[in-house]
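The values are calculated or read from the model by the stated rules, or taken from the named source; none is laboratory data. What you see is a predicted model, and the numbers here were worked out from it, not measured in a lab. Every residue, glycine among them, receives a Cβ derived from its backbone with ideal geometry; neighbour counts consider all protein chains shown. Quick note on the areas: whole protein, heavy atoms, side chains included, nothing else; ligands and nucleic acids left out. Shrake-Rupley method; radii C 1.70, N 1.55, O 1.52, S 1.80 Å.
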Amino acid sequence: MDYIQEYVKLETVISTFALAVSIMAAIFSFKLQKSDSRRSLREQLSKTVLELIKLNEKSKLLSQVPQEFRNPHYYHDSNTNAQVATSLTRQAVYVVEQDPKLVTDVEYATIAQNLWISGDHLLAEEFWKRAIQASPNKYFRSINTKGYADFLFQVERQELGRKHYQQALDLLDNDTDFNKYSNAYTH
């Protein structure tokens, strides 16, 4: 009889141990899966933002073509570039919304600029604010605040833009040549 009770106890211990190992394996697998998912999102965002930056450079070059040389190919390239940029911007917004903790201020600012260019001013404003919030230090907060102020001027909100230019100036004391140089852009 004691032998049977010991056997049942051993069986219970082994079953409990097996259950605990299974639970731990499931937790580890879940964390690994989540980590892989975050890494994948991070890679998608980085690639998308890099493509947006490249397209912005291409747009800048296209805008420098003199009017007399703008033929149907120019307009086709220009329109295609704008469509691709809008699509990539929407993709970037989607990725950002999946895990906002993965996003840097530079990425928020790049997306904000492209949202503005594509005509989504409300979302562009939100992303400028996120860029400012995600800034790692006063210098980058100043840069992003200036970017937001530039945006506000472009959408005919000059008073609010002036307020943000002043906020950007207030972030950096004029105690070093670097800070003076950075603040000179704002003036």
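Quick grid of which residues meet (1) over 30 Å from Arg39 (Cα atoms); (2) touching a helix residue (DSSP H, G or I) at 6+ places or on another chain (Cβ under 8 Å); (3) among the small types (Gly, Ala, Ser); (4) assigned to a helix (DSSP H, G or I):
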| position | (1), (2), (3), (4) |
| --- | --- |
| Thr110 | no, yes, no, yes |
| Leu122 | no, no, no, yes |
| Glu125 | no, yes, no, yes |
| Lys129 | no, yes, no, yes |
| Ala149 | yes, yes, yes, yes |
| Gly161 | yes, yes, yes, yes |
| Ala168 | yes, yes, yes, yes |
| Ala184 | yes, no, yes, yes |
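With the condition kept exactly as written, say whether any residue in the stretch 163-171 is modelled with pLDDT of 95 or more and either within 24 Å of Lys60 (Cα to Cα) or open to solvent by 30 Å² or more (accessible area, probe 1.4 Å) (or both).
There is at least one residue in the stretch 163-171 that is modelled with pLDDT of 95 or more and either within 24 Å of Lys60 (Cα to Cα) or open to solvent by 30 Å² or more (accessible area, probe 1.4 Å) (or both).
Let me confirm something: among Lys60, Lys31, which residue is open to solvent by 80 Å² or more (accessible area, probe 1.4 Å), within 21 Å of Gln154 (Cα to Cα) and either part of a helix (DSSP H, G or I) or at pLDDT below 95 (or both)?
Lys60
Can you name the number of the only condition in (1) within 19 Å of Ile53 (Cα to Cα); (2) modelled with pLDDT of 95 or more that Ser118 fails?
If we test Ser118 against (1) within 19 Å of Ile53 (Cα to Cα); (2) modelled with pLDDT of 95 or more, just (2) comes out false.
Looking at the stretch 76-124, which of its residues are acidic (Asp, Glu) and open to solvent by 50 Å² or more (accessible area, probe 1.4 Å)?
Once the filter is applied, which keeps residues that are acidic (Asp, Glu) and open to solvent by 50 Å² or more (accessible area, probe 1.4 Å), the stretch 76-124 yields Asp77, Glu97, Asp120.
Just to be sure before I move on: is Thr89 out of contact with any Ser or Thr (no Cβ under 8 Å at 6 or more places or on another chain) and of a type in the set (S, T, N, Q) in the structure I sent?
Spelling it out, it is not the case that Thr89 is out of contact with any Ser or Thr (no Cβ under 8 Å at 6 or more places or on another chain) and of a type in the set (S, T, N, Q).
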